[in-house]
1. Of the conditions (1) among the basic types (Lys, Arg); (2) open to solvent by 30 Å² or more (accessible area, probe 1.4 Å); (3) at pLDDT 90 or above, ARG155 satisfies every one except a single condition; which number is it?
2. Kindly state which strands (runs of 3 or more DSSP E) lie completely within region 550-607 and contain at least 1 residues that are open to solvent by less than 50 Å² (accessible area, probe 1.4 Å) and at pLDDT below 80.
3. Within region 110-131, how many residues turn out to be in contact with a strand residue (DSSP E or B) (Cβ under 7 Å, 6 or more places away or on another chain) and either touching a residue at least 60 places away in the same chain (Cβ under 8 Å) or open to solvent by less than 20 Å² (accessible area, probe 1.4 Å) (or both)?
4. So which of LEU205, LEU248 ends up being part of a helix (DSSP H, G or I), open to solvent by 10 Å² or more (accessible area, probe 1.4 Å) and either under 26 Å from HIS116 (Cα atoms) or of a type in the set (A, V, I, L, M) (or both)?
5. Considering VAL149, VAL138, which residue is β-branched (Val, Ile, Thr) and at pLDDT below 90?
6. Quick one: would you say GLY25 is part of a loop (DSSP other than H, G, I, E, B), open to solvent by 10 Å² or more (accessible area, probe 1.4 Å) and under 25 Å from ARG6 (Cβ atoms)?
7. So for region 44-56 (the condition being under 28 Å from VAL149 (Cβ atoms) and in contact with a helix residue (DSSP H, G or I) (Cβ under 8 Å, 6 or more places away or on another chain)), does at least one residue qualify?
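The values are calculated or read from the model by the stated rules, or taken from the named source; none is laboratory data. Everything numeric in this text was worked out from a predicted model, so none of it was measured. Neighbour counts are summed over all protein chains in view; Cβ atoms, including those assigned to glycine, are modelled from backbone coordinates with ideal geometry. When the accessible area is computed, the model is the full protein with side chains, heavy atoms only, and any ligands, DNA or RNA have been set aside. Shrake-Rupley method; radii C 1.70, N 1.55, O 1.52, S 1.80 Å.
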Amino acid sequence: MEGLGRLSPDDPTTIGPYTLLGRLGSGGMGRVFLARSEGGRTVAVKLVHAELARESEFRVRFAREVAAARAVSGEWTAPVIDADTEAEVPWVATAYIPGMSLQDLVAREFGPLPEHTLRALANRLAHALHSVHGAGLVHRDLKPSNILVTADGPRVIDFGIARALDTMTGGQLTQTGAVLGSPGFMSPEQVRGERLTPASDVFSLGCGLVFAATGRGPFEGGESGAHALMFRVAFEEPDLEGVPEGLLDLVRECLRKEPGERPDAERLLELTNPDPLGGWLPEPVLSLLARHASAVLATEVPTRPKAPEPPRKKRTALIATGAALAVCAAAALTYVLNTAGDDSDPTNAKGRPGGVGVTQSPTGSKSPSAKPSKSGSKGTESPSPSASESGGGGAPGGGEVAEGFVGGWEGELPGTDGIVRIDIGRGGEGDTVATSVDLGNDWMCVRKSVAVSADASTLELNGGDVPLQRNPAKCEFPTEMSLTIGSADVLNLKSSAGSVRLSRAGTAIAPSYVGKWQALDMEGNRNKIWFTIEAGAVGTAKITVVDKRYETPCTTTQVLASLDKGLVYGPSSKPTGGDCGARGSERITPYAAGKLLVEDWRGLGSEPAELVRAG
């Protein structure tokens, strides 16, 4: 699931009638959580910051904003479904949209989108703005991270800094000199702190389309830093290189410096493609979105006492193949998330579009789908990156690893701050079929595991070699493990060390990470630390860090441990060269277009650093 983090000790467990499942993000107004109602509906709940809740002027404005947002009912927005603006700490709940942000899809997972997708994106965002502006709102922060991509179309989310046009300030900023928005996707008038109109959102839409088409914003490049970027927004012409010819006129119209020269939402609808949305995304993106949506259904509500329930009737999950069925699968998941009550089964609708194996129809008949090809190799090779595309549950021949096990899996180690990662490939009893990683802040152990026994629902693993160890005394991972299939995206692991619930995770490093990067100093200038990220599998792929601030350059290497949310690397090897010290476990995530952020993997310890492409 996209962007779901664990609840921290200072997070509540419930908000209003909703039980919190995890944190989706945070911003200037508050924290956003994934939550479920007692009836089983999944929602996104924004809880405002406590210090804002103490400001009477803010509470009045927030109540007015929520009332206005309730009037936004467009198909391409996330509707407000509940709120309590009188609570000690006010909150608002919107329908949860099981999709991936445009930011992550383009910068991390897929890259620039094809022209037919861009045309559909522009039209549906125009519809969204038509609904927002028709309700008397200006979004003010229409950026790629606030646009969710789903199988049946994009959705505009997070009206966190939107303001009703009829506020006491007449649409102006509430504090002199204050700037609300995201540099690079703000309008010139927003940069200058002037009164905002719906035309400001149209400018941001143009910036978002350039990002979707090229992977960068129209005003990036040159001197780095927010102030330099905002100067280019206000006074320089956009860089439209790479934007398809068929979209250039539309983008130029949206990016005019003067608000009155930009098209309004009505005109945007005339300028964009009105064709039906079917087939708007490439097939690999559809499969990815379906897996993310099904992961939401697998999220467990924190344990608490409750009355016994009657047994639930199990329903067969469908494993769809091809782009058309991928659309249906993800759309069905969206419907279940937003409409299911207590009679919904969280394991239902776990089909993984693009999968292979045997598809069971609701009537119980079986129809053949594409048969997976075997690698033909055994031994210590890491699972193929394509393994995650396998379907779940098909019964193999005797002693063969079932397709439902193949791929990458991750879970939290009980009683520690560590995680366990397992990559499982195809093979049979006696083969080395799994690479296991045990990771914490200062430890990492990699194990190659052998299949002792295998059938359609169970995989028993044992010992094998240990090609890498960092502080092995802390490693908890045992030599004997029993894995059972919980659903298409959940495995249950049992061992002498306890039980762990594993969720399906990525298996390949996105190309946008691979290559040489240079760190920035406190002033945003390139310094003398280089990071080289290599492609490869978990447990073997490396990142090399060369620090040239010393008389003799200092070099460390770290091994890839996780692909679940960004890249996580374990503790480094002993440094060679200068005396720079070893590095602890670190996480690397997309930060802004063309940039990465490297930080302690749990967000503790040393300050994070920005990385830009070296060159």
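1. Only one criterion in (1) among the basic types (Lys, Arg); (2) open to solvent by 30 Å² or more (accessible area, probe 1.4 Å); (3) at pLDDT 90 or above is unmet by ARG155, namely (2).
2. So the answer is 586-592.
3. 4
4. The unique qualifying residue is LEU248.
5. Checking each option against the conditions leaves just VAL138.
6. no
7. Taking every residue of region 44-56 in turn, at least one turns out to be under 28 Å from VAL149 (Cβ atoms) and in contact with a helix residue (DSSP H, G or I) (Cβ under 8 Å, 6 or more places away or on another chain).
To keep it simple, each residue is scored yes or no on (1) open to solvent by less than 20 Å² (accessible area, probe 1.4 Å); (2) among the polar types (S, T, N, Q); (3) within 25 Å of THR576 (Cα to Cα); (4) not in a strand (DSSP E or B).
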{"position": "LEU493", "(1), (2), (3), (4)": "yes, no, no, no"}
{"position": "LEU502", "(1), (2), (3), (4)": "yes, no, no, no"}
{"position": "TYR513", "(1), (2), (3), (4)": "yes, no, yes, yes"}
{"position": "LYS528", "(1), (2), (3), (4)": "no, no, yes, no"}
{"position": "THR540", "(1), (2), (3), (4)": "no, yes, yes, yes"}
